[in-house]
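The values are calculated or read from the model by the stated rules, or taken from the named source; none is laboratory data. Model, not experiment: these values are computed from the prediction. Because the Cβ atoms are built from the backbone with ideal geometry, glycine has one as well, and the counts that use them run over all protein chains shown. Ligands, DNA and RNA are stripped out before the accessible areas are found, and what is left, the full protein with its side chains, is counted by its heavy atoms. Shrake-Rupley method; radii C 1.70, N 1.55, O 1.52, S 1.80 Å.
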Amino acid sequence: MGIAEAAPPPEEYPPIVKGASLLIAYQLKNRRVLLIGGGVVASGRLFFLLESGAHVTIVAPSPLEPSIAHRLTTNADDITWHDRDYTGRSDPIIVDDFVMVLTAIDNNPLSREVCYMAREKHIPVNVADVPPECDFYFGAQLRRGPLQVMVSTQGQGPKIGAMVRDRVIAALPENVEEAIAGVGELRGELRKRAPGVGGELGQQRMAWMIGMCDSWSLDLMGDFRSEALRNRVLEEGWEKGKKVVGPNDVGQCPSLWAERVIGEYCSRLGGWATVCGFLGGITVGYS
Ligand SMILES: C[C@@]1(CC(=O)O)c2cc3[nH]c(cc4nc(cc5[nH]c(cc(n2)[C@H]1CCC(=O)O)[C@@](C)(CC(=O)O)[C@@H]5CCC(=O)O)C(CC(=O)O)=C4CCC(=O)O)c(CCC(=O)O)c3CC(=O)O
Ligand SMILES: NC(=O)C1=CN([C@@H]2O[C@H](COP(=O)(O)OP(=O)(O)OC[C@H]3O[C@@H](n4cnc5c(N)ncnc54)[C@H](O)[C@@H]3O)[C@@H](O)[C@H]2O)C=CC1
């Protein structure tokens, strides 16, 4: 089929509205990052860098912001600290040795100099005090285990970004981490039963996972951490014609009403399996 034939009518494509950032989840594990500055902003940068598994070289004179001093003791292997001012082009520490450079100093001209040094070497740079010189911005973030959300306002309203982030936190289901863990394990086992990359099988795997996620509410997907339930949906669903099986098909959840009314008791009583089984007089066959 030719490209023209396959393409839907142009009005179905969203228009391109330039001026956005590219939001990506950058992998920094064991990569070396240069952080210049030791104040409040640097302390926030350090936290996120350490959580991402980076090795951070800090250049900043004493005294450091207290949380940075604390991380030096708790994460000694992940941080190299040079207790002095960074001097720009004349400094023995060169940007070439890092995959990313961050400045968080109260010195605009030096920040710009570091920025140009990094640009010359095509190393991505964030300059906290000079937004136009940033290759990337930080944003307001939240993390629940594997779940991460970042809000960006294109440099215009960072505090609004933080306020929106707080609303997202309030709207998150309590057990979203469990749901992700459950779905992660289900995907892993599906891959074992149906290995391989791409092709028709890949399409079928993806269609089945999408169907499963659509059929199970976020509140219930944590139950996929049960091996017995995973086996059951794989046996009764995937193995039988790639059929999507919902919670009702496996006696999992009577209704959204029940979900609301008894949800809070679930953890105490050992999870939805116990509660749904008890209410419906059903033995669901897993714990
Ligand atoms: C461009 C960017 C570059 C970058 O830092 O990457 C940048 C730049 C600047 N911020 C400044 C000020 C403030 N920044 C915050 C807060 C945050 N700023 C963050 C990101 C960003 N800030 C990037 C754009 C993000 C986006 O697009 O949304 C957050 C989201 C993430 C983080 O820093 O980790 C974090 C909230 C995190 C949280 O709460 O969790 C507050 C509020 C507060 O502190 O409570 C204020 C005071 C209020 C105000 O000024 O609005 C100034 C000084 C302005 C001046 O001198 O007047 C500059 C420089 C300038 O604008 O020139
Ligand atoms: N991106 C953001 O979220 C925000 C950015 N800013 C900007 O970030 C900059 C830093 O803010 P803060 O951390 O609050 O300032 P701060 O005054 O608390 O810290 C500045 C740090 O830079 C260090 N420093 C100064 N010259 C240095 C050099 N040559 N080499 C190494 N370290 C040096 C100081 O010793 C100090 O540790 C400010 O210029 C401000 O405009 C401010 C608030 C928020």
Checklist outcome for this item: Residue hits (the range 123-136; open to solvent by less than 70 Å² (accessible area, probe 1.4 Å), more than 6 Å from ligand 1 (Cβ to nearest atom) and not in a helix (DSSP H, G or I)) are I123, P124, V125, V127, V130, F136
Checklist outcome for this item: In the range 61-109, anything open to solvent by less than 30 Å² (accessible area, probe 1.4 Å) and either in a helix (DSSP H, G or I) or on the phi > 0 side of the Ramachandran plot (or both) is listed as I68, G88, V95
Next on the checklist: Of everything in the range 26-59, what is more than 12 Å from ligand 2 (Cβ to nearest atom), touching a strand residue (DSSP E or B) at 6+ places or on another chain (Cβ under 6 Å) and either open to solvent by 10 Å² or more (accessible area, probe 1.4 Å) or assigned to a strand (DSSP E or B) (or both)? Give them in sequence order.
Outcome noted: R32, V33, H55, V56
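Look through G139, G155, G161, G182 and report the one residue that is of a type outside the set (D, E), within 16 Å of ligand 2 (Cβ to nearest atom), buried (at least 17 other Cβ atoms within 10 Å of the Cβ) and farther than 23 Å from G38 by Cβ. Can you show your working first?
Numbers: G139 fails: farther than 23 Å from G38 by Cβ; G155 fails: buried (at least 17 other Cβ atoms within 10 Å of the Cβ); G182 fails: within 16 Å of ligand 2 (Cβ to nearest atom).
The match here is G161.
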Checklist entry - When the range 82-108 is examined, which residues are found to be free of Cβ contacts under 8 Å to residues at least 24 places away in the same chain and either within 15 Å of ligand 1 (Cβ to nearest atom) or in contact with a helix residue (DSSP H, G or I) (Cβ under 9 Å, 6 or more places away or on another chain) (or both)? => result T87, I94, N107, N108
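For the range 169-287, give me every one of the helices (runs of 4 or more DSSP H) that falls completely inside it and has 2 or more residues that are modelled with pLDDT of 90 or more.
Working: elements: 176-193, 199-215, 227-233, 256-269, 272-280.
By residue number, 176-193, 199-215, 227-233.
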Checklist entry - Which members of the range 208-230 meet the condition of being touching a helix residue (DSSP H, G or I) at 6+ places or on another chain (Cβ under 8 Å) and either more than 14 Å from R187 (Cα to Cα) or polar (S, T, N, Q) (or both)? => result S215, W216, S217, L218, D219, L220, S226
